[in-house]
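Derivation of every value follows stated rules applied to the coordinates shown; laboratory data play no part. Nothing here was measured: the structure is a model prediction, and the numbers come from that model. Virtual Cβ from ideal backbone geometry, glycine too; neighbours counted across all protein chains shown.
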Amino acid sequence: MITGLLLAGGRSRRMGQDKALLPVPGAQEETFIEHLLRLLAPFCQELLLVTRDVSQAADYAKYMLPSVRTVTDKLPDTGPLMGLYSGLSAMTTSHAFVTAVDTPFLQPELLAFLLSQPLTDRPVIPVVEERPQVLTAIYPRSILPVIEQRLLEGRRDPRSLLDHCAVQFVTMAQLRTYDPQLRSFLNLNTPEELADQQEKRAGKG
Ligand SMILES: Nc1nc2c(ncn2[C@@H]2O[C@H](COP(=O)(O)OP(=O)(O)OP(=O)(O)O)[C@@H](O)[C@H]2O)c(=O)[nH]1
């Protein structure tokens, strides 16, 4: 049993407009948030959207699927680590697949592969170019006390967990089998990155 956690509580400062509501390059009718929720739904027994506060949750209400529950951060504006904490605290399953609202190219084949890994007390973290992809990963609920400690230290990034728990890493070679271009890990933070992807998608007709 797995919960899908979609973290959407950021401020999109670099993008200059809400990343969740951008149209997916190559699928202009669908926003990032709609696309990711639709993609996650068949894989997850429970689906939670983690927003920073009730006002943001209300902004997203019309993009929700009936099966999605919206939760809010225990403390807003404290980063993705708080989003992870709030989502894991609210879910009813033992493990969650976590993804970010600014990674619209998550590939279902890669997601299925990650979800086929044994679920233990160790997070399952893909590694791309030696960088752990902590926002496209699986976390056990049992990691909550470790997160709590990091939050108390003022940490905001889930990477801060990695020195404090055993991890099951997934190698780039394994990932490439299911997503040859590793597009699942491409996050769009700036208007330039978005325009670049729009151009590439348009080029594909
Ligand atoms: N729930 C929750 N999610 C967050 C928070 N901060 C960032 N996120 C999400 O984490 C992912 C990565 O966020 P970032 O790109 O680091 O930050 P951002 O605030 O979205 O963008 P910038 O303002 O440009 O840094 C996105 O899906 C964000 O929506 C937070 O405080 N709470």
With label points set 7 Å from each Cα along the Cα-to-Cβ direction at Ser142 and Arg176, the distance between them in nm comes to 3.3 nm
Gain on full stretching of the segment that runs from Arg13 to Glu29 - 0.36 nm per residue minus C-alpha separation: 3.4 nm
Computed on alpha carbon atoms, what radius of gyration and Dmax characterise the chain, expressed in Å? 16.0, 49
Total formal charge among the other residues, if their Cβ is under 13 angstrom from that of Asp163, Lys/Arg +1 and Asp/Glu -1: +1
May I ask for the distance between the Cα centers of the stretch 1-16 and the stretch 95-113, given as a whole number of Å? 12 Å
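For Glu153, Glu46, what ranking results if the residue with the fewest other Cβ atoms within 10 Å of its Cβ goes first?
With the sparsest Cβ surroundings first, the list reads Glu153, Glu46.
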Does the stretch 1-77 come out rounded, prolate or oblate by the C-alpha gyration tensor, with a ≥ b ≥ c the root eigenvalues, rounded set by a/c under 1.5 and, if not, prolate when a/b is larger than b/c and oblate if not? oblate
What are the residues whose amide H is under 5 Å from the amide H of Val170, where those residues sit 5 or more places off or on another chain and H is modelled from the backbone? Ile125, Val127
Report the label-to-label distance for Glu193 and Ala112 in nanometres (one decimal), using points 7 Å from each Cα along the Cα→Cβ vector. 2.8 nm
